[in-house]
1. Please identify the longest segment of the chain free of exposed GluC sites (Glu not before Pro), where exposed means a DSSP state other than H, G, I, E or B and no more than 15 other Cβ atoms within 10 Å.
2. Counting only DSSP beta bridges with both residues in the chain, tell me the antiparallel percent, nearest 5.
3. Net charge around G114, counting only other residues with Cβ within less than 10 Å of its Cβ (Lys, Arg = +1; Asp, Glu = -1)?
4. For H58 and K273 in one chain, what is 0.36 nm times their gap in residues minus the Cα-Cα distance, to one decimal in nm?
5. Relative to the first principal axis of the alpha-carbon coordinates of the chain, what is the inclination of helix 249-260, with its axis defined by its Cα atoms, in degrees from 0 to 90 and to the nearest 10?
6. Using just the Cα positions, wrap segment 115-174 in a convex hull and report its mean projected area in square nanometres, one decimal place.
7. On alpha-carbon atoms, Rg over Rh for the chain using Kirkwood Rh?
8. Find how many whole Å separate the alpha carbon centroid of segment 216-230 from the alpha carbon centroid of segment 112-165.
Amino acid sequence: LLAVALAVAACDAQSVNYTIGAWLPGSPEAMLAELRPLFENYLNENVGSKQSPPVGFHLVPVDYSAETDSDSLIRQKKMDFLYTIAGGMSCVIVERGWAVIATRRVKINGEETGADGSIVYSLQSNNDIQNISDLKEKKLGAGFILDATSYQLGYQVLAEQGVHLLRDIGQLILYGSDFERQFEDVLSGRIDAGLVSSTWLAENHPAQQHLLRIHRQLQMSYEGEEFPFPTSTPLIPQYGLASSERVHWKLKSAVANALQQLDGSHPVAIAAKLEGFTGPGSYAEVETTQKTMKIIIRDSSTGELR
């Protein structure tokens with residue numbers, strides 16, 4: 001009986017699993033194919049197997065539907081890490097007390113960057129839209145409200161140019177994670193303009209940039225590096241990986257170190273379309289924008305931000 005009890009205890013000790021929620025533009029199936037080698041295979045081999053007792057990492061899609069809402073999973077304590085956009089990083093920092101432990105780097109036009117921006121774009125051939133003020137009464141496509149690069153930064157820059165995204169646009173269409181369909185609808189003329197991540201556009205449609213009119217086109221730098229693609233807005237950090245306060249600091253450190261040791265030539269980095277990771281970027285600028293837009297507000301009864 002003692003031998004059986006010890007065997008069961010050993011099995012339980014080795015069955016600790018940590019859930020990593022992740023979001024990328026596109027479908028959950030595409031996200032899993034892209035990120036599983038990194039967040040399951042790589043972390044299990046380089047972090048999980050080296051813990052005592054060993055632990056495991058399991059990747060799940062979040063924020064593709066109401067059933068996969070990341071905030072619900074966090075409140076139910078069903079998720080331990082979150083890999084997502086800057087807007088999501090800001091929310092979990094402010095509202096849930098999570099800590100960002102790493103920020104990704106990508107390669108755009110052959111140059112590495114840890115930044116992203118937002119692009120307001122239309123077709124060069126659409127002479128009805130020469131600048132942002134011409135977007136009034138037009139059809140505009142965006143991503144989703146909690147995304148800084150496909151909604152929030154664009155909301156801000158349009159407001160600075162005298163165009164209110166909700167009051168002045170003729171029709172606002174939210175494409176959620178389907179950035180590709182938004183882009184196709186701009187090219188086909190089904191909508192007049194789009195609002196999307198600079199990185200996404202650079203990675204997915206560099207050959208078609210000449211067809212586009214990028215409004216309020218800026219060339220900016222971030223943390224001393226020139227951003228290698230146009231942007232319509234200030235720059236913010238790339239996707240981050242955040243962890244719950246329940247995760248032991250030693251495990252957080254081990255995960256962060258393993259990610260920062262990753263080289264862009266590694267097969268899992270190639271699969272994940274990234275060049276590696278740095279320490280956590282500052283998402284304070286995103287938080288400021290979210291407070292301005294009242295996406296993050298202070299609860300009058302508790303005084304807490306939510």
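1. Details: sites that count: E137, E223, E245, E304.
Within the chain, the longest run free of exposed GluC sites (Glu not before Pro) spans 1-136.
2. On the way: 30 of 46 bridges.
Antiparallel bridges make up about 65 percent of those DSSP assigns within the chain.
3. Working: positive: R104, R105; negative: E112, D116, E223, E225, E275.
With Lys, Arg at +1 and Asp, Glu at -1, the neighbours total -3.
4. Details: separation 215, 0.36 × 215 = 77.40 nm, distance 1.96 nm.
This chain segment gains 75.4 nm when fully extended.
5. Between helix and principal axis, roughly 50 degrees.
6. On the way: hull surface 16.5 nm².
The Cα convex hull of segment 115-174, projected and averaged over all directions, gives 4.1 nm².
7. On the way: Rg = 20.8 Å, Rh = 20.4 Å.
Dividing the radius of gyration by the Kirkwood radius yields 1.02.
8. Going from one Cα centre to the other spans 17 Å.
The values are calculated or read from the model by the stated rules, or taken from the named source; none is laboratory data. This is a predicted model, so every value here is computed, not measured. Glycine gets a Cβ as well: all are built from the backbone with ideal geometry, and neighbour counts include every protein chain shown. Each accessible area value is taken on the protein alone, full model and side chains, heavy atoms only, with ligands, DNA and RNA left out. Shrake-Rupley method; radii C 1.70, N 1.55, O 1.52, S 1.80 Å.
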